[in-house]
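Asks: The structure's right below; bear with me while I get my questions together.
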């Protein structure tokens with residue numbers, strides 16, 4: 001799951017180039033198209049995070065505040081994308097800065113904490129059939145959960 005989310009982050013980051021260029025050229029049509037592509041990449045990604053990894057991490061109140069702030073950022077990112085699609089190019093740079101910071105918080109905060117905190121039971125739940133794309137994640141990794149991951153508390 002962490003590997004899949006990280007690959008999605010890389011893909012999302014790679015697709016910010018078109019939006020940045022459109023914003024610099026003051027090209028509303030290109031910016032709207034680039035923002036729409038980002039939205040298409042972000043929505044399944046944030047759904048997987050919120051219904052999967054975040055839901056498992058939320059079982060410990062130690063992570064609740066951090067996860068709530070990440071979910072709130074998902075909503076702000078959606079609002080910024082909508083504003084850009086509506087022609088407000090002043091939102092391009094704030095969106096790109098927020099997105100970069102958000103991905104950094106996940107990659108260097110929550111994801112490493114998940115690897116330390118979540119035990120085999122958590123990983124098994126994350127890879128149950130009702131979890132979006134769980135079968136594909138398990139098949140891609142050749143196993144249903146990381147081996148040797150213990151249940152420990154981690155600081156973000």
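Nothing in this text is a laboratory measurement; each read-out follows from the coordinates by a stated rule. This structure is a prediction, so every number in the text was calculated from the model and none was measured. Reconstructed Cβ throughout: ideal geometry from the backbone, glycine too, with neighbour counts over all protein chains shown.
Asks: Would you say residue 105 is part of a helix (DSSP H, G or I), free of Cβ contacts under 8 Å to residues at least 40 places away in the same chain and over 19 Å from the mean Cα position of the chain (by Cα)?
Replies: Details: part of a helix (DSSP H, G or I): yes; free of Cβ contacts under 8 Å to residues at least 40 places away in the same chain: yes; over 19 Å from the mean Cα position of the chain (by Cα): no.
No: the conditions fail for residue 105.
Asks: Have a look at 24, 47 and point out the one that is touching a residue at least 60 places away in the same chain (Cβ under 8 Å) and exposed (fewer than 15 other Cβ atoms within 10 Å of the Cβ).
Replies: Numbers: 24 fails: touching a residue at least 60 places away in the same chain (Cβ under 8 Å).
After applying the criteria, what remains is 47.
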